[in-house]
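Report on the following structure.
The values are calculated or read from the model by the stated rules, or taken from the named source; none is laboratory data. Predicted model, so just to flag it, every value in this text is computed and none were measured. Here Cβ is always computed from backbone atoms with ideal geometry, including for glycine, and neighbour counts include all displayed protein chains. Note: areas computed on protein heavy atoms with side chains; ligands, DNA, RNA excluded. Shrake-Rupley method; radii C 1.70, N 1.55, O 1.52, S 1.80 Å.
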Amino acid sequence: MKQYILLLALCINPDFSSAEGTQNPLQPRIIGGRNATQNEFPFVVSLLYHGDPQCTGTIINRCHVLTAAHCINGTTFDEWTVKAGFYIKGDPNTIERKVKCLKLHYNYVVKRNKAFDIAIMDVTQPFEFNAAVQPVIFPEFHQELRVGTQATVVGWGLSQFQPTIVRPLVLQALEVVTISKRQCKQRWTNLNRTICAVESTTQKSSCYGDSGGPLMVGNVQWGLISRGTTNCTADKPLKFLEVSMFTEWIKHFSRIPRQMN
């Protein structure tokens with residue numbers, strides 16, 4: 001019962017804030033990626049905090065967006081805008097939606113339980129699906145992704161972090177290969193509900209702002225960008241929240257009226 005009370009409070013209380021206080025949700029973004037092509041990732045959205053792009057998300061259905069809990073923790077729903085239907089700045093297909101509710105996973109705890117770093121946003125007006133705006137596909141509950149699988153990380157992150165910060169004009173994608181948790185444990189701890197992947201060089205990685213973006217295999221979202229390295233290089237494997245551990249939670253908290261399906 002406590003979990004449902006928390007979600008309700010997030011939806012109706014515009015003054016909700018975390019115990020640590022409202023924070024700037026600037027989080028990891030992609031460094032060294034390639035430019036996405038038109039309609040290659042129509043389910044990817046940019047999340048704007050007070051009009052400034054801060055995180056990435058994916059479209060669940062006409063009314064809901066998936067992202068990382070740490071992106072929106074300590075903020076209120078009216079501070080966010082979802083920007084969809086575009087892959088390049090100035091794209092005429094761009095649409096924007098206001099947010100009316102934030103749903104953090106009820107087990108998420110700041111700085112302690114990062115294994116539940118997942119959240120859902122409810123938009124005020126349903127998305128209209130077309131070639132540029134589509135829902136993402138999720139794996140089956142508890143389905144495992146095979147080690148050695150080629151995957152793609154997607155996000156609206158910085159294309160350069162040092163020596164100067166550069167925001168990309170085009171949606172960024174990065175090809176990676178998944179590795180075993182045994183390999184990942186050599187550089188990371190706390191790998192519960194985690195997928196690890198590596199890129200072939202140390203010059204390409206997620207960096208500040210990509211949080212909430214997807215790890216894709218084909219058109220299926222297997223992972224969610226949760227935490228990256230502080231220096232935005234691949235000196236450690238990339239870590240992703242394992243989405244298949246949460247598909248039942250996603251389905252439950254993103255239900256929409258039958259006529260909108």
| Under a 5 Å amide H to amide H cut-off, with H placed in plane at 1.01 Å, what residues pair with residue 104 once short-range neighbours are removed? | 120
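If I compute solvent accessible area with a 1.4 Å probe over the protein chains, what percent of it on region 25-156 is carbon and sulfur?
Numbers: 2450 of 5330 Å².
Ligands and nucleic acids excluded, carbon and sulfur give 46 percent.
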| message | At 7 Å along Cα-to-Cβ for each site, give me the label-to-label distance between residue 88 and residue 40 in nm. | response | 1.2 nm
| remark: For region 62-68, in residue order, the Karplus 3J(HN,Hα) values (coefficients 6.51, -1.76, 1.60; θ = phi - 60°; whole Hz; Gly and Pro = x) are 5, 10, 9, 10, 9, 7, 8
| field | Amide hydrogen neighbours beyond the local backbone of residue 134, cut-off 5 Å, H modeled | value | 43
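Could you order peptides 218-226, 84-92, 191-199 by the average number of other Cβ atoms within 10 Å of their residues, highest first? Could the numbers behind the result be given before it?
Numbers: 218-226: 22.3, 84-92: 16.2, 191-199: 20.2.
Ranking the peptides 218-226, 84-92, 191-199 by packing returns 218-226, 191-199, 84-92.
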| note | Toy charge model, Lys and Arg Cβ at +1, Asp and Glu Cβ at -1: region 43-164 dipole around Cα centroid in debye, rounded to 20, equals 200 debye
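For residue 256 and residue 100 in one chain, what is 0.36 nm times their gap in residues minus the Cα-Cα distance, to one decimal in nm? Could the numbers behind the result be given before it?
Working: separation 156, 0.36 × 156 = 56.16 nm, distance 1.39 nm.
Roughly 54.8 nm would be gained on extension.
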| query | Given R₀ = 51 Å, FRET efficiency for residue 186-residue 50 by Cβ-Cβ distance, to 0.05? | reply | 0.80
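Against the globular-protein guess of 2.2 N^0.38 Å, express the Cα radius of gyration of region 82-142 as a ratio, rounded to two decimals.
Numbers: Rg = 15.0 Å, N = 61, 2.2 N^0.38 = 10.5 Å.
Expressed relative to 2.2 N^0.38 Å, the Cα Rg reads 1.43.
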